[in-house]
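A.B. asks: Please see the structure below; I have some questions.
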Amino acid sequence: MKTPFFNCVTAVISKDLRAEIRARELVSVMALFALLSLLVFSFALELDKGAREEAVSGVLWVTLVFASLLGFNRSMSQERDQGNLDALLLAPVARTAIFVGKLLGNFIFTLIVGLAMLPLMTMLYGLNLLDGWIILTEAIGIFGLATIGTLLATMTVQTRAREALLPIALLPIALPFLLTAVRATKGILGGAPASEWQGALGMLAAISVIYLVLCLLLYEYIVEE
Amino acid sequence: MGGKTKSTTLDLRMETSPQPRLLRILTVFTILGFAGTLVLGFAVAGTDIQQGEIQRIFYIHMPSFFGAFTAFGLTVVGGIIYLARKSETWDRIALAGVEVGLAFSLINLLTGSIWARPIWNTWWTWDPRLTSAAIMCLTYAAYLMLRAGIDDPGKRRAFMSVYGILAFVTVLITLFIIRIVPETIHPVIVGASPQNAQGGFEATSGVVIALLPSLLLWLTLMPITIMWHRVRLEARIEALNLLKLQALSE
Amino acid sequence: MMMMKTAIAIATLLIAPFAIGAVYAEDGEGASTPYFQTTTFNAPIIEDWENQSTDDIAQFHLAAEQATIRTASLATGDVIAAVESELDALTGSQVSPPIYSDKVNLADGTWHVLAYDLDEATTASVMARRAGERTVVISFVERDPAARTVVLTLARTDDAQDDAGREIALALDAIGGSLPSLLKQADNVTLPSGDWVVYSSDGAAAMGMVFGNDSYVALREGAPGDLAALADAWNRTLLGFFITPDNSRYLALGLAVVFAILGTLMGSHYWRDRSLRKDLALLEQLAGEEG
């Protein structure tokens, strides 16, 4: 008897959400990191307006990637330390349902941080980032990051070095997201015609889908005992 | 207990037994072929008018990338078959692919850098294609680190199969980066869009013909022969580790 | 027998391309670009131009167009000071503020791109880059009173466009003057430095060439001279400046690296195999002692 797929997915998400509302461990850490990172960048770069337009999309995505690394690591460590993962795996549910549940949880938390960064950066850098297309780019990019982040964190959390390995494993594989997302964001910010950045956005979506399919296929192999 | 040790020793003996004849033939041909491509590219082929002698490095630079492509591709194949069949041999093939591919892509990266110094007047520039090639190397270096960090053999094989499949995306990105980020100055010799290329040269029939054997060799014989040796070595290492474990538990 | 067949098959597969390669791989076409070498840099020698080089500057003069191209490396880190001292040495006239000033990123770093109207007759265009404690200045000076010639390097603004048309328009806007802002009659010419697009109208001409992520643009108004010769010589100087003429040492280094990496790979196989055999011998010895 297996629990239906979607019940299981929603159960995993609501578990994560409830834990987060109670402990506020994930979003607060990620948000604090993002804030610090933005401040450090704005001091370190001392940008004039032209250079800012060039650099802002890079700053946004680099900050997002590192913040999400923190989040993925923490979320999987919690599962493991509290023995949740083993319990989940013992339960008669589809492995992919667990993956999708964790993925959506990670996605929601990172997206909250990502969305909160936009008004903050608008203030700090004097550029309007509150744009529907930028939000869409962020949503797709973060979804892609969460996909491979969830898979790789599940993997690295079972290794000796744990937290240290996730950045090494994730960053190179996340590069396609970074490349295309930065490109799309830059185009949207610079007010370039849609034809110039929609290709990058489409590519970002396509890569996200490719990784999602790969991860859905491969997840069961990294949680089997 | 004693009987089991003996049988494992026997396995190990078998692995250290003389190489299969096909492997020996392949080894000889790889060495001969490599020597041949060197002669062809470095002695027979003409000197490029604009770039001078350094252009000859191209006869290794580009083929070595495709050698890495074959090796990393075999890592993907090995990963998929391992996950499907749990056959350790295919995991060894995947590992061998990463090691050989990494060495080849290092050759690719370093020869490119050495070419860039006299032609672009710099060892390195943050060109999209150079960057993505460097990241490809780092991805597979991460593979080896990750692999060393997992103790449980079953988990290690499964995880690394998964990672080897995912990592191949960076290889594809390096191949197709000019479509995503067009402002690369890296010359494109095969295929379209040499428009931005800086330091390209005309792929005359002479260049293509001198390149072809080298390309074929790096694409097939080089990775396959070296990987085969590596796979056999890995089998011996694994058998020995098993022996050591048994010796300890006795 | 199987093995024999396989061996023959592989040999044939290998030999065929090698045989074709050995027969058809072309020998060098001989004449390569001659270079003038100073102690600090190399500059390609421009044929047909009068060579006025000294030990530490490369200078070429074309009397017909009253044009001079000069490359020098100055012992100062101040780019603007270096440019002004070069222009002073070349023309002797007071250096006025530049009519064009920008920077471009080339593969080896950031270059300053400057243009000056020095007096009624003289225009100067300069590319300069700081390299450590020195500054390299490549200048183009044209003294024909009847013409005004400017050569500029601009970052490309549109990847989709094949030619330098857009950068020519930008350069025309930036230079202003009396050049008609839109020139008609596009044409293409192939010169030793590359493929150029040419726009011309009465009393004005513009040429542009795409190389890397930049466009190289030459503009001229006034007496119709041989703009193609000027633009080509300027670009061969610029692009040739990057290339180290005798680079066989780099080739040797490259080969050494290839052998080093392949050697390390094989060496690590051998080394691991040897320690493996040692361990095995030890284990067997231990087993023997116990038994």
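What follows draws every value from the coordinates through simple rules; no lab data is involved. If you're wondering where the values come from, they're calculated on a predicted model, not measured in any experiment. Quick reminder, even Gly has a Cβ in these numbers, built from the backbone with ideal geometry, and neighbours come from all protein chains shown.
A.B. asks: Any idea which of A:23, A:121, A:84 is furthest toward the positive side of the dipole for the stretch A:5-223, if Lys and Arg beta-carbons carry +1 and Asp and Glu beta-carbons -1?
C.D. replies: A:84
A.B. asks: Based solely on its DSSP helices, what 222 nm [θ] is calculated for chain A when runs of n ≥ 4 H residues each add -39,500 (n - 2.57) and the sum is averaged over all residues, nearest 500 deg cm²/dmol? Could you put the intermediate results ahead of the total?
C.D. replies: Values: 8 runs with 190 residues, N = 225.
Value at 222 nm, helices only: -29500 deg cm²/dmol.
A.B. asks: Which angle from 0 to 90°, rounded to the nearest 10, does the C-alpha axis of helix C:227-242 make with the longest principal axis of chain C?
C.D. replies: Tilt of helix C:227-242: around 40 degrees.
A.B. asks: Which one of A:106, B:148, C:38 has its Cα pushed farthest toward the positive end of the charge dipole of the protein assembly as shown, where Lys and Arg give +1 and Asp and Glu give -1 at the Cβ?
C.D. replies: Value computed over the given set: B:148.
A.B. asks: Here's another thing I want to ask about it. Roughly how tilted is helix C:79-91, in degrees to the nearest 10 and between 0 and 90, from the longest Cα axis of chain C?
C.D. replies: 50 degrees
A.B. asks: For the stretch C:35-242, what is the relative contact order in percent, using Cα pairs closer than 8 Å and at least 6 residues apart in sequence?
C.D. replies: So the answer I get is 17 percent.
A.B. asks: Something else about it: Rounded, prolate or oblate: which fits chain A when a ≥ b ≥ c are the square roots of the eigenvalues of the alpha-carbon gyration tensor, with rounded for a/c under 1.5 and prolate only if a/b beats b/c?
C.D. replies: Verdict is prolate for chain A.
A.B. asks: Name the shape class, rounded, prolate or oblate, that the alpha-carbon gyration tensor gives for chain C, where a ≥ b ≥ c are the square roots of its eigenvalues, rounded holds for a/c under 1.5, and otherwise prolate holds if a/b is larger than b/c and oblate otherwise.
C.D. replies: Prolate, because a/c is 1.5 or more and a/b exceeds b/c.
A.B. asks: Where in the stretch C:226-262 does the amide nitrogen come within less than 11 Å of the point 7 Å from the Cα of residue C:48, taken along Cα to Cβ?
C.D. replies: It comes to C:226-233, nothing else.
A.B. asks: Tell me, what is the percent relative contact order of chain A, built from C-alpha pairs under 8 Å that lie six or more residues apart?
C.D. replies: 26 percent
A.B. asks: Next up: Between residue B:247 and residue C:186, what is the label-point separation in nm under the 7 Å Cα-to-beta-carbon projection?
C.D. replies: Using points 7 Å along Cα→Cβ, the separation is 7.6 nm.
A.B. asks: A further question on this structure: Count charges around residue A:11 for me, please; just the other residues with Cβ under 12 Å from its Cβ, Lys/Arg as +1, Asp/Glu as -1.
C.D. replies: +2
A.B. asks: Under 20 Å from a point placed 7 Å out from the Cα of residue C:93 along the Cα-to-Cβ direction: which residues of the stretch C:229-261 have their backbone N that close?
C.D. replies: The answer is C:230-231.
A.B. asks: Can I ask one more? By the scheme Lys and Arg +1, Asp and Glu -1, what is the net charge of all other residues having a beta-carbon under 11 Å from that of residue C:196?
C.D. replies: Surrounding charge for residue C:196 is -4.
A.B. asks: Put +1 on the Cβ of every Lys and Arg and -1 on every Asp and Glu Cβ in chain A; which of A:42, A:185, A:166 then has its Cα farthest towards the positive end of the dipole?
C.D. replies: A:166
A.B. asks: Which of A:186/B:155; A:102/A:186; A:102/B:86; B:86/C:278; A:15/B:86 have a Cα-Cα distance over 32 Å?
C.D. replies: Working: A:186/B:155 41 Å; A:102/A:186 30 Å; A:102/B:86 27 Å; B:86/C:278 30 Å; A:15/B:86 34 Å.
Beyond 32 Å: A:186/B:155; A:15/B:86.
A.B. asks: What is the dipole size for the stretch A:5-223, taken about its Cα centre, with +1 at each Lys and Arg Cβ and -1 at each Asp and Glu Cβ, in debye to the nearest 20?
C.D. replies: Roughly 400 debye, rounded to the nearest 20.
A.B. asks: Just to confirm the number: angle between the C-alpha axis of helix A:165-189 and the first principal axis of chain A, 0 to 90 degrees, nearest 10?
C.D. replies: Roughly 40 degrees between the two axes.
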